[in-house]
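This report refers to the structure that appears directly beneath it.
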There are 4 protein chains.
Amino acid sequence: MDPSDAQTACFEAGIKFGSLYHQFAGTPVSPDSADSLARAIEEAIENQPHCEAVTVEILTEELERALADGPADYTELTGRFLDVEILVEYEGHTVRTRMEMEDGYPLMRLVDVDG
Amino acid sequence: MDPSDAQTACFEAGIKFGSLYHQFAGTPVSPDSADSLARAIEEAIENQPHCEAVTVEILTEELERALADGPADYTELTGRFLDVEILVEYEGHTVRTRMEMEDGYPLMRLVDVDG
Amino acid sequence: MDPSDAQTACFEAGIKFGSLYHQFAGTPVSPDSADSLARAIEEAIENQPHCEAVTVEILTEELERALADGPADYTELTGRFLDVEILVEYEGHTVRTRMEMEDGYPLMRLVDVDG
Amino acid sequence: MDPSDAQTACFEAGIKFGSLYHQFAGTPVSPDSADSLARAIEEAIENQPHCEAVTVEILTEELERALADGPADYTELTGRFLDVEILVEYEGHTVRTRMEMEDGYPLMRLVDVDG
């Protein structure tokens, strides 16, 4: 069956999430550099088609906790340190998505689909 | 509105595409190494949840054409050299997606949504 | 033979360059988002050990030229759009490196090694 | 001071390590897909200039240990699961490098420099 516009909106939202995660996971990050990285991720992914808004928070308290256990003052960006929301609009349909940790894994999920 | 299972299937399919592209774009590739890279991409992305099958073809003729223009014997993997199909199944819904070049850009698109 | 400190300084400088390029190549970039990306790359790579300074310029004129040829208003970050300098210090040795385009390829090179 | 050929060989070796790590870290990997990924990494990085040989072992026992703790059957590739050796030759100089874990961090180091 041909996809509906709402389904295409959901597909587009998934592309943004997969892109964001696999482009930036592994980036060296510290509490001091977290803010510039968060802003760059937002602006980079907002370039993609149909992407209305990206909000990235890098969890500096979680970063500090991770760094307190080891000898280094930076680590690699991974889902554990990320709180992300993405808003996609496609042909009148608005899709809101979110990344949250669940059982230690970054779970990307559709929050709601409107229009 | 809460997403339907078919919409979630489309979202999941998008995640796989974005992941595949942004994980592997930029990889050094030559006609000789194209095959091992294509197999690794398929098996890597098939690990992701609800991902039934990934088929990756690296277009070695297109690679050879690109390399004929320059002094190097390898280049960076990008959409121009890729033909990808991904099959996602989620709660009885089957989504077929494809990446194709359009106007010089890699366009990821939903082919059909069933179930 | 065991590596000298100056050789180790050069090895460390190479790591930073390879990291920078393969972490960020492929990022969606436009003239508007170039600045936040350049700052994030600098701060991310400066986290790495022995890395004193990273200067990244994203060549917005070259970006605009590339975008003028196609239908999209963003593209993928690649060496063609980057001007990078990295300064590494290791055990009293200072290494200055630079990425420049040569014959259409991003060439990373050692500029000088002191101390 | 202008870099010596041996120093350039060390710089080149560093580039390969940084490239390898930041290109492939984050790739979805399971014990079943580890072998195709290891081969693809070797062949991809061997494309780079002056790179004679790359040997990648993905530590499937360590992978299995990590997966035993959680609900998923795959994880993201990171230094904890990698054993890598790279041999670089440049103008008669041979550089051998290795990645090992130290205090929980992947440490890339020069093993020896000859010629």
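Here are the numbers:
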read-out: At q = 0.26, 0.27 Å⁻¹, base-10 log of I(q)/I(0) for the stretch A:34-75 (Debye sum, equal scatterers on each alpha carbon); value: -0.84, -0.87
read-out: Selected from A:A72, A:A53, A:V88, residue furthest toward positive end of dipole (the stretch A:52-91; charges at beta carbon); value: A:A72
read-out: Cα centroid separation, the stretch B:50-115 to the stretch A:1-22 (Å); value: 16
read-out: D:T60 versus B:R109: modelled label distance in nm, points set 7 Å from Cα along the beta carbon direction; value: 4.0
read-out: For the A-to-D rotation axis, chain A residue with nearest beta carbon and its distance in angstrom; value: A:G26, 2
read-out: Estimated 222 nm signal from helices in chain C, with DSSP H stretches of n ≥ 4 weighted -39500 (n - 2.57), rounded to 500; value: -12000 deg cm²/dmol
read-out: Two-site label geometry, A:D69 and B:D2: point separation in nm, points 7 Å out along Cα→Cβ; value: 3.5
read-out: Convex hull volume of chain C per residue (C-alpha atoms, cubic angstrom); value: 99
read-out: √(5λ) per eigenvalue of the Cα gyration tensor, the protein assembly as shown, largest first, Å; value: 35, 23, 22
read-out: Other copies of A:R98: label-to-label distances in nm, shortest first, labels 7 Å along the beta-carbon direction; value: 3.7, 4.8, 5.0
read-out: Top positive-direction residue, dipole computed over chain D with Cβ charges, set D:S36, D:Y105, D:L63; value: D:Y105
read-out: Relative contact order for chain A, counting Cα pairs under 8 Å that sit 6 or more residues apart, in percent; value: 29
read-out: Inter-copy separations for C:V111, label at 7 Å along Cα-Cβ, nm, ascending; value: 3.4, 4.5, 5.0
read-out: Calculated FRET value between C:R98 and A:E52, using beta carbons and R₀ = 35 Å, to 0.05; value: 0.35
read-out: Spin-label model distance (nm) - D:D83 vs B:D32, 7 Å beyond Cα toward Cβ; value: 2.6
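Rule-based calculations on the coordinates, nothing more; no lab input. Because the structure is a prediction, the values reported are computed rather than measured. Cβ coordinates were reconstructed from backbone atoms using ideal geometry, including for glycine residues, and neighbour counts include every protein chain displayed.
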